[in-house]
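This report refers to the structure that appears directly beneath it.
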Amino acid sequence: MRGVTSHPSLRWGLVLSVACAIGLGLAHAEFDPQGIIEVGRFSAAQPGNALPDGWKPLTFKKIERYTVYRLVDDDGTTVVEAVSEGGASGMTRQLSVNLKEYPYLGWRWKVAHVLRNGDVTTKEGDDYPARIYVTFEYDGSRLSLLEKAKYEAIRLLYGEYPPLGAINYIWASNAEVDTMVPNPHAEQAMMFVVESGAQHTNSWISESRNVYEDYKRAFNQEPPLVSGVAIMTDTDNTQESAIAYYGDIAFGKGPVDLD
């Protein structure tokens, strides 16, 4: 995003800003007896403008126009509605998850339309009607001396080390589904195209991803602990508009079905 990457110490772009916001004040996840870790149980909340329990806003200093998030009723189920008009912001949830035990992430989402000028390969096109970030805890043993120096610079800026990179699941405009591509702002963030195009717009789609395997595919190593999850609908680069809806989100020991 333009407003984040302009600072030289944040050259890694939006993803490390998201990671910092999620990673500070890390909380432990609540475990379900049935093998599910609830990340966002939006369906249990009441519609209104208050953020869901455990979630906090994510904004960026140089992006003045924010995406508006609120809990709404969708055919009897409470979900998060996101409306973006040429702006960007997100919602984050801090939690620690061991992907060796809970490798799957499941969620439901719906978008009204895709972006005309969205492009997974360019900074100018790095906007999506819906995306979900999974970030990973900092582990200095995995870094080179130069990389450690960069993380140290961010620690001095934010007061703590940011998590070690991120996986970003996106609803793209025209990229092939299951494409994996580095975020154009940050090679430490790998994007997976989960949905693409207008075929499934205005319909609820349930997703389940093996984040453990996706991390190994993206970074060719075992994943650190998860440090948090964020949702974001953003249109600040393309200056378009987007409306998205996010349903419940959970980690699971096996594929997660939230229908």
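The values are calculated or read from the model by the stated rules, or taken from the named source; none is laboratory data. Treat the numbers as computed from the prediction; the structure is a model and nothing was measured. Every residue, glycine as well, gets a Cβ built from its backbone with ideal geometry; the counts of neighbours run over all protein chains shown. Note: accessible area is taken over every heavy atom of the protein model, side chains too, but ligands, DNA and RNA are not part of it. Shrake-Rupley method; radii C 1.70, N 1.55, O 1.52, S 1.80 Å.
Residues whose amide H falls under 5 Å from that of GLY87, counting only those 5 or more places apart or on a different chain, are THR235, ASP236, with hydrogens built in the peptide plane. Between amide H atoms placed 1.01 Å from N, distances below 5 Å from GLY228 occur with LEU95, THR135, all of them 5 or more places distant or on a separate chain.
Distant-in-sequence amide contacts of GLY118, defined by a placed amide H-H separation under 5 Å and a gap of 5 or more residues or a different chain, comprise nothing.
Here's the picture: charge each Lys and Arg Cβ at +1 and each Asp and Glu Cβ at -1 in region 184-259, and of ALA189, SER241, PRO224 the one pushed furthest to the positive end of that dipole is PRO224.
Evaluating 6.51 cos²θ - 1.76 cosθ + 1.60 at θ = phi - 60° for every residue in region 120-129, the Karplus couplings come out as 5, 9, 10, 5, 5, x, 7, 10, 8, x Hz, glycine and proline recorded as x. Karplus-based coupling profile of region 218-223, in residue order and whole Hz: 6, 10, 6, 7, 5, x, with θ = phi - 60° in 6.51 cos²θ - 1.76 cosθ + 1.60 and x standing for Gly or Pro. Tell me, how many Å apart are the Cα centres for region 55-101 and for region 198-245? For region 55-101 versus region 198-245, the Cα centre distance is 12 Å.
Working note: Cα gyration tensor of region 174-239, eigenvalues times five, square-rooted, sorted largest first, giving semi-axes of 23, 16, 13 Å.
Listed values for region 202-211 are Karplus-derived 3J(HN,Hα) couplings in whole Hz (6.51 cos²θ - 1.76 cosθ + 1.60, θ = phi - 60°), namely 6, 10, 6, 10, 9, 10, 8, 10, 8, 5, and x replaces Gly and Pro. Using the Kirkwood formula on the Cα atoms of region 44-110, what hydrodynamic radius do you get, in angstrom to one decimal? When all Cα pairs of region 44-110 are included, the Kirkwood radius is 13.9 Å. Just the number, please: carbon plus sulfur as a percent of the accessible area of region 165-259, 1.4 Å probe, no ligands or DNA/RNA counted. With neighbouring chains kept in place, the figure for region 165-259 is 43 percent.
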